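The values are calculated or read from the model by the stated rules, or taken from the named source; none is laboratory data. This is a predicted model, so every value here is computed, not measured. Neighbour counts are summed over all protein chains in view; Cβ atoms, including those assigned to glycine, are modelled from backbone coordinates with ideal geometry.
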Amino acid sequence: MGARFAADCNLGKLAKWLRILGYDTLYERGNADRNFLMKAGEEGRIALTRKRDLARLSPPGRLVVVKADHVAGQIGEVLKALTLEPDPARRMTRCLRCNEIMEEIAKERVEGLVPAYVYEKYLRFRRCPCCNGIFWPGTHRRHVEDALTKRSLDCRP
């Protein structure tokens, strides 16, 4: 199953990139407080925050206080702190909006739901069961892979 996260309102980009890497990551838009820590603990999630004072609240579960200012450093920091090595096969399997695992959908079922040139060019499609977003391995995936390589985020803590 792997590590599951709850990121506070100061770590939206980190939450997105953890989802890109395939990690189940909730993003808490509200204030990071004792309730945030309790919810993360109850759900077996590792709480991620930039608020150093939260560590004094004796959280019920694991907590990582992220110090880095930029997302590349934040990802590296979290992976190193937890000795995680993301599985490349899990990349881009979660919806970046909903955090749900996307499911394969037959090409015929997306006709008329995606631009015609996308339908003609791509063979594989995925759908989010929550928001019904349809995704395909287009240029966005290449950009993500390039970013992971350039930032040395390719699975090495």
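Quick check: anything in the range 7-22 more than 30 Å from Pro137 (Cα to Cα), touching a helix residue (DSSP H, G or I) at 6+ places or on another chain (Cβ under 7 Å) and crowded, with 17+ Cβ neighbours inside 10 Å?
Kept after step one, since they are more than 30 Å from Pro137 (Cα to Cα), are these residues of the range 7-22: none.
There is no residue in the range 7-22 that is more than 30 Å from Pro137 (Cα to Cα), touching a helix residue (DSSP H, G or I) at 6+ places or on another chain (Cβ under 7 Å) and crowded, with 17+ Cβ neighbours inside 10 Å.
Restricting to the range 1-48, what's the tally of residues that are touching a strand residue (DSSP E or B) at 6+ places or on another chain (Cβ under 6 Å) and polar (S, T, N, Q)?
So the count comes out to 1.
For the range 83-97, state whether one or more residues are among the acidic types (Asp, Glu), closer than 23 Å to Tyr27 by Cα and modelled with pLDDT of 95 or more.
No, the range 83-97 contains no residue that is among the acidic types (Asp, Glu), closer than 23 Å to Tyr27 by Cα and modelled with pLDDT of 95 or more.
Give the residues of the range 105-141 that are of a type in the set (D, E, K, R) and either more than 29 Å from Arg29 (Cα to Cα) or touching a Ser or Thr at 6+ places or on another chain (Cβ under 6 Å) (or both), sorted by residue number.
Matches in the range 105-141: Lys107, Glu108, Arg109, Glu111, Glu120, Lys121, Arg124.
Yes or no: the range 81-93 includes at least one residue that is among the charged types (D, E, K, R), in contact with a Cys (Cβ under 6 Å, 6 or more places away or on another chain) and over 26 Å from Asn132 (Cβ atoms).
Initial filter on the range 81-93 (among the charged types (D, E, K, R)): 85, 87, 90-91.
The next check asks that each one be in contact with a Cys (Cβ under 6 Å, 6 or more places away or on another chain); those that pass are 85.
Then keep just the ones that are over 26 Å from Asn132 (Cβ atoms); that gives 85.
Yes, the range 81-93 has at least one match.
Can you name the residue in the range 37-61 that is in a helix (DSSP H, G or I) and in contact with a Pro (Cβ under 9 Å, 6 or more places away or on another chain) and, of all such residues, is surrounded by the fewest Cβ atoms within 10 Å (Cβ to Cβ)?
Per the criteria, the residue is Glu42.
Matching residues to (1) closer than 18 Å to Arg94 by Cα; (2) in the same structural domain as Leu79 (by TED's automatic domain parsing); (3) of a type in the set (D, E, K, R):
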position: Gly12; (1), (2), (3): yes, yes, no
position: Trp17; (1), (2), (3): yes, yes, no
position: Ile20; (1), (2), (3): yes, yes, no
position: Met38; (1), (2), (3): no, yes, no
position: Glu42; (1), (2), (3): no, yes, yes
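Among the listed residues Leu84, Leu113, Leu123, Leu96, identify the single one that is hydrophobic (A, V, I, L, M, F, W, C), surrounded by 15 or more Cβ atoms within 10 Å (Cβ to Cβ), in a loop (DSSP other than H, G, I, E, B) and outside the structural domain of Glu43 (by TED's automatic domain parsing).
Criteria check complete, one pass: Leu96.
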